[in-house]
Amino acid sequence: MSRRKVYEVLAKLVQKGLCTETLGKVKKYSPVNPKVGFDNLFKEIEKKKRKLTDLSEALLPLYLSEKENINPLDYIQVLREKSRIAEKVYSLERMAKEEVLSFSKAPYAMNISTRMNEEEFRGLERGVKYKAICEVVEARKLDFIKRRGMYMEGGEEIRVVNELPMKMIIFDDRKQQKMNKDKPKIETTTLWDFATQNYGDKTHGDNKYRGVTPAFVIWNLLQRYTKEGDLVEQGLNKIN
């Protein structure tokens, strides 16, 4: 064992209280009474066990609340076959009420050169807004515009770019935010993560605005530190 390694081991023994260090021209190390040294180690281990027990009890309500969550937006469905992907898109389009936003790029799940998306035309007739950003190489832009012309005539807004990072479709994002009627829960950890800005039957600020105050944070603070009827002041604003 090298001298450096020996000193590293001795430093750890000192840190754990199993030996003492005497400073001087030459460092000297002396063992501690094993009973005293190991008693201190046992106390440290018991302290860590208590912390783990407390953490486990604090996390359990959060775990159980997530197990009981039946919000369909919390589930992920993986589709691999092109036919199933296309049918899923059509079914979501049939349910769309407000808007369909998309990043579109090859390879496509449906044959866009031979089949028209009838669900999109029906959605446009219902007043659903379609907005798409499409990846198209310069050499194929004229062909793309000719093929998508009838969609644009129907009301779809299309922007063409040379490159997109991914494919994505969002259906009724704002509607889903408004329909989140789950009652907020008291956070039990120091990490607060909120998937939505709104709860109940009304909106609580626009989550698209970068500086919006997270409504669930305010709700948690009010539940923890106030009672009904208290007056809460924030700067020049007062909240009843």
Determine the gain in length on full extension of the stretch S83-E98; use 0.36 nm per residue of separation and subtract their C-alpha separation, reporting nm with one decimal. 2.9 nm
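Quote the charge dipole size of region 3-67 about the Cα centre in Debye, to the nearest 20; the model charges only the Cβ of Lys and Arg (+1) and of Asp and Glu (-1).
Values: 16 positive and 8 negative charges, 111 e Å.
For region 3-67, the charge dipole is close to 540 debye.
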Can you work out the FRET efficiency for the pair K16 and L52, with r the C-beta to C-beta distance and R0 = 22 Å, to the nearest 0.05? 0.70
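Read the figures in this text as sums done on the coordinates, not as results from a lab. Everything numeric here is computed off the predicted structure, so don't read it as measured data. Counting neighbours? That spans all protein chains shown, and the Cβs are built from the backbone with ideal geometry, glycine included.
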